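Here is the structure we will look at.
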């Protein structure tokens with residue numbers, strides 16, 4: 001049975017950030033992930049917005065950790081080589097009541113430490129986003145956008161590079177306290193022994209908390225649906241455009257992605273099934289209609305895909321959404337850190353959350369620093385983003401850079417091969433997709449999926465019938481037609 | 001920068017026919033650029049027969065049809081590059097390509113766009129529901145089966161009665177899979193009658209009209225779908241939902257001309273065809289850039305693609321000879337019974353072939369081609385369906401230099 005100093009349950013953006021930060025210490029760390037890759041749940045299913053921190057109650061952990069995360073995001077993005085644009089964002093209003101709401105948001109934001117929040121008039125608004133409809137707006141200059149897949153993957157790869165072990169397809173089934181101050185963690189694929197447990201299970205946080213012996217947290221899912229629009233629409237939206245939010249919900253917005261698409265959504269529906277990601281027709285229609293009031297550039301001809309995500313929200317007995325809960329409950333579960341209700345702004349706040357976790361651990365134990373820790377991570381070179389000269393040099397050095405596999409996003413064979421041999425050992429089609437953007441363009445893999453499936457078969461020696469798209473059971477093919 | 005008289009983008013049926021015809025016209029400094037490792041385009045995966053009846057007066061399989069042109073290309077030593085992707089085409093007809101040997105830039109006197117089309121996807125249709133594996137477009141399923149020896153599923157339902165979908169229904173059945181049904185949202189089939197007979201009726205596969213897929217089930221592999229009846233506005237009717245088990249859903253719901261490169265070159269597109277707006281020379285809005293085949297408008301038969309590309313080659317030869325072509329100032333204006341026409345405008349100085357598709361099935365109608373309120377030409381049609389392309393030759397003698405050409409249907 002493998003023994004660890006710390007096991008992190010859940011390899012999402014928070015789990016992976018925690019793994020990476022914890023690796024600054026001399027500890028044997030493992031991450032147990034129930035899916036076949038990271039980013040399959042909440043961390044990969046969101047708007048990709050780096051929030052400023054004005055939307056959260058003064059004094060809350062959400063506010064504090066979000067502002068901290070926003071402030072450092074530029075530096076972190078550079079360190080981990082992930083896309084980040086400090087685009088700013090606008091909350092667009094029309095009525096006097098909405099103006100008062102925005103002024104209250106500014107007050108709250110300033111108390112939270114958010115800088116530069118101002119009300120802009122219609123003229124200024126239209127200078128920033130000509131296509132938007134509205135009388136005035138709150139401009140938040142520190143807001144931005146990132147690629148949630150690449151960010152989470154970068155954190156995980158950097159953690160792995162610094163010695164953290166990732167276990168995929170390992171769903172935790174039970175946790176037992178041992179007399180020697182260790183825990184035994186049972187999973188669907190074997191047992192582990194560990195001194196520390198970090199519950200960063202996202203949607204599963206309530207379940208894991210119960211297994212650790214801390215019961216009573218009520219977790220509800222808030223499901224949001226999205227539509228992705230063709231890159232043609234990107235130039236019409238330089239920054240995220242939101243309506244004026246209500247107390248509990250940010251409203252349906254339009255957001256540019258770091259790759260130049262536009263995403264429309266999300267709506268918010270309370271759900272109890274945390275594995276259903278279907279998008280109903282009426283929700284799609286509602287998204288398009290609602291967002292068109294803000295930004296009338298949504299045409300069905302530009303739809304390329306839809307998706308949904310579920311946020312884990314911790315609610316009290318009255319159903320009121322609570323702050324992030326990050327606790328070290330020494331009485332009920334010593335040497336555990338329990339992360340409850342890590343919803344938005346979890347992406348922005350992931351690293352500050354991670355440091356908070358380690359601070360709580362350090363109050364109980366002194367860790368030796370890991371002298372070999374390297375905070376930097378380099379992604380492979382992305383052909384489409386290079387200058388002509390660099391492209392020529394890349395191909396001269398490696399002809400695989402001359403073979404375009406994904407025609408829509410201009411992804412080369414070299415990049416696909418790099419992703420197939422990723423440091424985490426992920427071997428699904430979505431693993432390649434999240435790492436390269438292949439199959440994400442307007443033809444949705446019509447051209448490249450076949451080539452990529454074949455490369456997975458050849459490079460990793462996987463049988464045709466065993467190639468998986470995303471999850472166990474998501475086999476792409478029935479097999480070969482004939483043995484030849 | 002290497003100079004070429006003509007660069008042809010795409011080595012499928014349109015590109016090959018244009019290349020061979022240009023060569024026969026004495027234009028030999030040409031280059032065909034193909035991103036696959038062999039010439040032939042989509043025909044390589046169309047292993048069924050029925051190609052060539054119009055062009056060669058015999059029935060051929062797709063690869064055989066393509067080979068006739070490839071043989072000519074090889075015989076004449078027409079230069080082509082495979083495994084090469086065009087990265088950009090400029091308004092100045094500078095073409096940048098990428099391949100394993102590097103980035104290369106050419107300057108051409110004329111560029112022929114022959115990139116073909118791509119399939120509409122589930123995302124583009126906005127089909128609701130979960131996103132399991134097992135949902136394939138018909139052409140992708142065809143490529144898996146015919147080029148990669150890969151079976152995509154066993155228990156199959158097809159949405160859309162496009163020709164590729166019906167051909168795949170037969171192909172699946174022949175390989176031992178069960179094709180439960182074909183559902184079509186329109187009140188009429190969208191593919192050719194011969195395919196309904198030869199691919200569905202002959203194998204006992206039912207075709208249901210005015211029905212569409214309204215939900216998709218399964219969070220890993222597809223487990224089933226929900227179909228619903230639609231009203232005359234094609235909206236699903238609540239209460240008509242029916243759940244069906246299947247492990248594979250094939251989409252045959254339309255083709256979109258692949259014009260990303262054309263747009264970058266500044267070529268103006270027609271919102272109905274999704275292809276370039278062209279004149280009778282197949283010249284686009286950019287001087288010296290021409291388009292033919294499925295990149296221009298989706299064809300029903302490959303024979304017409306080849307014949308169109310051959311006509312295009314004739315005008316490219318004229319263009320190179322005279323350094324320009326007469327301006328097309330006469331618009332062609334179809335009425336609402338016609339979905340689109342190609343060309344969309346003409347100079348009035350040449351005979352040309354008018355291609356069109358009706359926007360809904362029509363019976364016992366007359367298509368009148370009028371100019372300045374005078375009927376120039378009349379074509380009687382007993383039966384017209386959107387699946388079939390209608391071609392009407394127009395002679396230059398009957399055309400006047402001014403006045404829009406109107407295409408009017410009376411029933």
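How about the stretch B:233-275: which strands (runs of 3 or more DSSP E) wholly inside it have at least 3 residues that are in contact (Cβ under 8 Å) with a residue 24 or more places away in the chain and either in the same structural domain as residue B:305 (by TED's automatic domain parsing) or under 26 Å from the mean Cα position of the chain (by Cα) (or both)?
Numbers: elements: B:242-245, B:248-251, B:255-257.
Of the strands (runs of 3 or more DSSP E) lying wholly inside the stretch B:233-275, those with at least 3 residues that are in contact (Cβ under 8 Å) with a residue 24 or more places away in the chain and either in the same structural domain as residue B:305 (by TED's automatic domain parsing) or under 26 Å from the mean Cα position of the chain (by Cα) (or both) span B:248-251, B:255-257.
Considering only residues that are over 24 Å from the mean Cα position of the chain (by Cα) and more than 10 Å from chain B (Cβ to nearest Cβ), which ones fall in the stretch A:391-419?
A:397, A:414
State whether one or more residues within the stretch A:444-454 are away from every other protein chain (no Cβ under 11 Å), touching a residue at least 12 places away in the same chain (Cβ under 8 Å), in contact with a strand residue (DSSP E or B) (Cβ under 8 Å, 6 or more places away or on another chain) and part of a loop (DSSP other than H, G, I, E, B).
No; the residues of the stretch A:444-454 include none that is away from every other protein chain (no Cβ under 11 Å), touching a residue at least 12 places away in the same chain (Cβ under 8 Å), in contact with a strand residue (DSSP E or B) (Cβ under 8 Å, 6 or more places away or on another chain) and part of a loop (DSSP other than H, G, I, E, B).
Any idea which residue in the stretch B:188-210 is farthest from residue B:361 (Cα to Cα), counting only those that are in contact with a strand residue (DSSP E or B) (Cβ under 7 Å, 6 or more places away or on another chain) and either at pLDDT 95 or above or assigned to a strand (DSSP E or B) (or both)?
B:205
Go through the residues of the stretch B:134-142 one by one and say whether even a single one is without any contact (Cβ under 8 Å) to a residue 40 or more places away in the chain and within 14 Å of chain A (Cβ to nearest Cβ). Outline the logic, then answer.
Just the residues of the stretch B:134-142 that are without any contact (Cβ under 8 Å) to a residue 40 or more places away in the chain, to begin with: B:140.
So of that shortlist, the ones also within 14 Å of chain A (Cβ to nearest Cβ) come out as B:140.
There is at least one residue in the stretch B:134-142 that is without any contact (Cβ under 8 Å) to a residue 40 or more places away in the chain and within 14 Å of chain A (Cβ to nearest Cβ).
Only one of these is part of a helix (DSSP H, G or I) and crowded, with 18+ Cβ neighbours inside 10 Å: A:139, A:203. Name it.
On the way: A:139 fails: part of a helix (DSSP H, G or I).
Only one candidate passes the filter, namely A:203.
Listed residues A:175, A:145, A:214; which is more than 14 Å from chain B (Cβ to nearest Cβ), under 30 Å from residue B:125 (Cα atoms) and touching a strand residue (DSSP E or B) at 6+ places or on another chain (Cβ under 7 Å)?
Numbers: A:175 fails: under 30 Å from residue B:125 (Cα atoms); A:214 fails: under 30 Å from residue B:125 (Cα atoms).
Testing whether each residue is more than 14 Å from chain B (Cβ to nearest Cβ), under 30 Å from residue B:125 (Cα atoms) and touching a strand residue (DSSP E or B) at 6+ places or on another chain (Cβ under 7 Å) leaves just A:145.
Yes or no: residue B:7 farther than 22 Å from residue B:199 by Cβ and either in a helix (DSSP H, G or I) or without any contact (Cβ under 8 Å) to a residue 24 or more places away in the chain (or both)?
Details: farther than 22 Å from residue B:199 by Cβ: yes; either in a helix (DSSP H, G or I) or without any contact (Cβ under 8 Å) to a residue 24 or more places away in the chain (or both): no.
In short, no.
Restricting to the stretch A:45-75, name every residue that is part of a helix (DSSP H, G or I) and touching a strand residue (DSSP E or B) at 6+ places or on another chain (Cβ under 8 Å). Lay out the reasoning, then the answer.
To start, the set of residues in the stretch A:45-75 that are part of a helix (DSSP H, G or I) comprises A:61-75.
Matches in the stretch A:45-75: A:61, A:69, A:70, A:73, A:74.
Among the residues of the stretch A:420-429, are any within 10 Å of chain B (Cβ to nearest Cβ) and buried (at least 17 other Cβ atoms within 10 Å of the Cβ)? Write out each step before concluding.
We begin by selecting, within the stretch A:420-429, every residue within 10 Å of chain B (Cβ to nearest Cβ); these are A:429.
Filter again for buried (at least 17 other Cβ atoms within 10 Å of the Cβ), leaving A:429.
Yes: the stretch A:420-429 contains one or more residues that are within 10 Å of chain B (Cβ to nearest Cβ) and buried (at least 17 other Cβ atoms within 10 Å of the Cβ).
Looking at (1) within 8 Å of another protein chain (Cβ to nearest Cβ); (2) surrounded by fewer than 21 Cβ atoms within 10 Å (Cβ to Cβ); (3) at pLDDT below 95, can you tell me which one residue A:483 breaks?
For residue A:483, the failing item is (1).
Quickly run through the stretch A:296-312 and pick out the residues that are out of contact with any helix residue (DSSP H, G or I) (no Cβ under 8 Å at 6 or more places or on another chain) and buried (at least 21 other Cβ atoms within 10 Å of the Cβ).
A:308
Does residue A:461 satisfy the condition of being away from chain B (no Cβ under 14 Å), farther than 29 Å from residue B:255 by Cβ and surrounded by fewer than 21 Cβ atoms within 10 Å (Cβ to Cβ)? Show your work before the answer.
Values: away from chain B (no Cβ under 14 Å): yes; farther than 29 Å from residue B:255 by Cβ: yes; surrounded by fewer than 21 Cβ atoms within 10 Å (Cβ to Cβ): yes.
Taking the combined requirement at face value, the residue satisfies it.
Where the second residue is buried (at least 18 other Cβ atoms within 10 Å of the Cβ) and at pLDDT 95 or above and the first is over 22 Å from residue A:48 (Cβ atoms) and away from every other protein chain (no Cβ under 13 Å) and lies in the stretch A:264-278, which pairs have Cβ atoms under 8 Å and are six or more apart or on separate chains?
A:270/A:220; A:270/A:221; A:270/A:222; A:270/A:223; A:272/A:220; A:272/A:221
Filter the stretch B:165-177 for residues that are surrounded by fewer than 24 Cβ atoms within 10 Å (Cβ to Cβ) and within 12 Å of chain A (Cβ to nearest Cβ) and give the result.
B:171, B:174, B:175, B:176, B:177
Pick out the one residue from B:213, B:152 that is within 10 Å of chain A (Cβ to nearest Cβ) and touching a strand residue (DSSP E or B) at 6+ places or on another chain (Cβ under 7 Å).
Working: B:213 fails: within 10 Å of chain A (Cβ to nearest Cβ).
Unique residue meeting the criteria: B:152.
Suppose we keep only residues that are farther than 21 Å from residue B:27 by Cβ and more than 9 Å from chain A (Cβ to nearest Cβ) within the stretch B:106-126. Which one would you say is modelled with the lowest pLDDT?
Looking at the filtered set, the residue picked out is B:120.
Could we say that residue A:329 is buried (at least 16 other Cβ atoms within 10 Å of the Cβ) and in the same structural domain as residue A:182 (by TED's automatic domain parsing) here? Show your work before the answer.
Values: buried (at least 16 other Cβ atoms within 10 Å of the Cβ): no; in the same structural domain as residue A:182 (by TED's automatic domain parsing): yes.
Judged against the criteria, residue A:329 is not a match.
Give B:383, B:377 a once-over and let me know the one that is under 30 Å from residue B:184 (Cβ atoms) and part of a strand (DSSP E or B).
Values: B:377 fails: under 30 Å from residue B:184 (Cβ atoms).
Checking each option against the conditions leaves just B:383.
Take residue A:52 and tell me if it is closer than 25 Å to residue A:236 by Cβ and touching a residue at least 24 places away in the same chain (Cβ under 8 Å). Give the derivation first.
On the way: closer than 25 Å to residue A:236 by Cβ: yes; touching a residue at least 24 places away in the same chain (Cβ under 8 Å): yes.
For residue A:52, the condition - closer than 25 Å to residue A:236 by Cβ and touching a residue at least 24 places away in the same chain (Cβ under 8 Å) - is met.
To keep it simple, each residue is scored yes or no on (1) in the same structural domain as residue B:392 (by TED's automatic domain parsing); (2) out of contact with any helix residue (DSSP H, G or I) (no Cβ under 9 Å at 6 or more places or on another chain).
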{"residue": "B:288", "(1), (2)": "no, no"}
{"residue": "B:295", "(1), (2)": "no, no"}
{"residue": "B:321", "(1), (2)": "no, yes"}
{"residue": "B:345", "(1), (2)": "yes, yes"}
{"residue": "B:360", "(1), (2)": "yes, yes"}
{"residue": "B:363", "(1), (2)": "yes, yes"}
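When you go through B:82, B:97 one by one, which is the residue that is within 14 Å of chain A (Cβ to nearest Cβ), at pLDDT 95 or above and surrounded by fewer than 16 Cβ atoms within 10 Å (Cβ to Cβ)?
Numbers: B:97 fails: surrounded by fewer than 16 Cβ atoms within 10 Å (Cβ to Cβ).
Unique residue meeting the criteria: B:82.
Tell me yes or no: at least one residue of the stretch A:408-420 is out of contact with any strand residue (DSSP E or B) (no Cβ under 7 Å at 6 or more places or on another chain) and under 19 Å from residue B:37 (Cβ atoms). Explain how you work it out, then say what you get.
Step one: filter the stretch A:408-420 for residues out of contact with any strand residue (DSSP E or B) (no Cβ under 7 Å at 6 or more places or on another chain), giving A:408-409, A:414-415, A:417-420.
Narrowing the set further to residues that are under 19 Å from residue B:37 (Cβ atoms) leaves A:414, A:417.
Yes, the conditions are met somewhere in the stretch A:408-420.
Hey, can you tell me all the residues within the stretch B:18-69 that are modelled with pLDDT of 95 or more and assigned to a strand (DSSP E or B)?
Within the stretch B:18-69, B:30, B:31, B:32, B:33, B:51, B:60, B:61 qualify.
With the requirement that a residue be closer than 28 Å to residue A:331 by Cα and within 25 Å of the chain's Cα centre (by Cα), what does the stretch A:165-187 give you?
Filtering the stretch A:165-187 down to residues closer than 28 Å to residue A:331 by Cα leaves A:170-187.
Passing the criteria: A:170, A:171, A:172, A:173, A:187.
Which one of the conditions (1) under 30 Å from residue B:178 (Cα atoms); (2) in contact with a helix residue (DSSP H, G or I) (Cβ under 6 Å, 6 or more places away or on another chain); (3) crowded, with 17+ Cβ neighbours inside 10 Å; (4) within 11 Å of another protein chain (Cβ to nearest Cβ) does residue A:478 fail to meet, given that it meets all the rest?
The one condition residue A:478 does not meet is (2).
Within the stretch A:77-101, how many residues turn out to be in a helix (DSSP H, G or I) and surrounded by 21 or more Cβ atoms within 10 Å (Cβ to Cβ)?
As a first pass, look at the stretch A:77-101 and keep what is in a helix (DSSP H, G or I): A:77-80, A:96-101.
Filter again for surrounded by 21 or more Cβ atoms within 10 Å (Cβ to Cβ), leaving A:77, A:80.
Matching residues across the stretch A:77-101 total 2.
The values are calculated or read from the model by the stated rules, or taken from the named source; none is laboratory data. Just so it is clear, the model here is predicted, and its values are computed rather than measured. Quick reminder, even Gly has a Cβ in these numbers, built from the backbone with ideal geometry, and neighbours come from all protein chains shown.
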